[in-house]
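K.L.:
My questions will all concern the structure given below.
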Amino acid sequence: MLDRQFTGEIARMIQNQDDLYTGVSLAPYFRVIINAPNIHHGYHGLRHMLHVTWVCYHACKYYSRLGKLSKRDARNLLIAALFHDYAHCGKAGDDAINIEAALDGLREHIQDVDRDHLVKISIIIAATQFPHADLGGTPSLCEQIIRDADISQAFGTTWIGDIAAGFGSELDKTPIEMLEQQLKFLTFIEFHSDFGKVFFGQDAINAKLRETEDLLSILKA
């Protein structure tokens, strides 16, 4: 099971200390994301953007060991993860609008060294539109990874605050309403990549379902 605490690892992945992707670092992108217009949102803010990037980074480690992900693809994935919710509106609505805002941000800040890969990175970002749209065939490995990473915050140790308070503030719902929504979400959730199935999987889903049910029973007593 993946250790979902990313304290101390942000600088490591930004500086490419594990040599997982092409290029020296992702520092120019990190400097943009740390000042993104949505960093203070309850859920779709800085923590979420970095969480998704961090999970994708661990997926890059996993597939690198298996020889299934090139360094260039790993860089594309991580850039997409950093930008996937850039300028998110922080409220309920058509997620296609948020995807377009993220793509606008990517196009504005893409580095020259990555410009030839802008289309590929954009496609990976578009895969995170929720509810997940039919991509017309089997999603690529990078698309599978980022989709799994995007939903994995529900399994972190701080999930109650992230979901019941943070996400609830964006949806204007009470903690009980958010936990009830979480039950529905967990009932139908599925991981797309082998990485997601290995490091999260059905056991984690079942455990989180039981925890959510227990919390609701306490709150409704």
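Taken together, the values in this text are just the output of simple stated rules run on the coordinates, not laboratory data. For clarity, every value in this text was computed on a predicted model and none was experimentally measured. Positions of Cβ are backbone-derived with ideal geometry, glycine not excepted, and every protein chain shown enters the neighbour counts.
K.L.:
Greater than 31 Å separation of Cα atoms is the criterion. Which listed pairs, LYS61/LYS120; LYS71/LYS208; LYS71/LYS197; LYS91/LYS208; LYS173/LYS208; LYS197/LYS220, meet it?
P.N.:
Details: LYS61/LYS120 20 Å; LYS71/LYS208 34 Å; LYS71/LYS197 22 Å; LYS91/LYS208 25 Å; LYS173/LYS208 20 Å; LYS197/LYS220 33 Å.
Beyond 31 Å: LYS71/LYS208; LYS197/LYS220.
K.L.:
Still on this structure, I have one more. Using 7 Å Cα-to-Cβ label points, what is the LYS197/ASN35 separation (nm, one decimal)?
P.N.:
4.4
K.L.:
For GLU108 and ALA133, compute 0.36 nm times the residue count separating them, minus their Cα-Cα distance, and round to one decimal in nm.
P.N.:
Details: separation 25, 0.36 × 25 = 9.00 nm, distance 2.52 nm.
Fully extending the segment from GLU108 to ALA133 adds 6.5 nm.
K.L.:
A follow-up question, please. Sort 45-54, 17-26, 74-83 by the packing proxy (mean of other Cβ within 10 Å over each peptide's residues), most packed first. Intermediate values should be presented prior to the final figure.
P.N.:
On the way: 45-54: 21.5, 17-26: 15.2, 74-83: 26.7.
Going from most to least packed, we get 74-83, 45-54, 17-26.
K.L.:
Just the Cα atoms of region 173-221: what Rg and Dmax do they give in Å?
P.N.:
12.3, 39
K.L.:
Can you give the extra length, in nm with one decimal, that the chain gains between ASP19 and THR157 once fully stretched, where that is 0.36 nm per residue apart less the Cα-Cα distance? The partial results should precede the final answer.
P.N.:
On the way: separation 138, 0.36 × 138 = 49.68 nm, distance 2.79 nm.
Length gained between ASP19 and THR157: 46.9 nm.
K.L.:
If you project the alpha carbons of the chain onto the principal axes, what extent comes out on each, in Å, largest first?
P.N.:
57, 38, 36
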